[in-house]
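Let me begin by presenting the structure, written as C-alpha cells, before commenting on it.
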Amino acid sequence: MSKKFRSSRERRQVISGDFPEKISRCEDRKIRGSEQRRDAFWFGLGTIGIVGWSVVIPTLLGVAMGLWIDRNWPNRFSWTLMLLIGGVMIGCINAWYWVRKIGIRGEQ
C-alpha cells in the first residue's frame, strides 16, 4: 500500500533521501567505464591475437606435416590439403575454447 504523506515536502524528502548516493554511484560507474574504454582497445587486440594464433599455429603445423608426408610417401590423396583442413578445424575449436574462457568482457 502507498504511504500517506502529510505534505508534499515530506514526500519529496522521502523520495530524494538517497538521491546523492545514487548520483555518486552513477558517477563512479561513468568513471570506471571511461577507464575501461581505454583498456578495451588493448583487451580486444589481445583477444584477436589469442584467437588468431590459436587458428594459425595448428593450420601451419598441419600444412608442414602434410608437405612432409607428401614428399616422403607420394599418394593419390593430398595429405597437405587434408591436414590443412584438419588444422583449421582444430584451430577453430581452440579459438572457440579461448573465446569462451575469456568471455565477452574479459571476466573469468
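Of note:
- Every residue from region 45-72 that is in contact with a Leu (Cβ under 9 Å, 6 or more places away or on another chain) and more than 20 Å from MET89 (Cβ to Cβ): none
- The criterion of at least 3 residues that are of a type in the set (Phe, Trp, Tyr), at pLDDT 80 or above and within 30 Å of the chain's Cα centre (by Cα) is met by the following helices (runs of 4 or more DSSP H) wholly inside region 1-106: 79-102.
The values are calculated or read from the model by the stated rules, or taken from the named source; none is laboratory data. These figures come from a predicted structure and were not determined experimentally. No Cβ is skipped: glycine too gets one built from the backbone with ideal geometry, and neighbour counts run over all protein chains shown.
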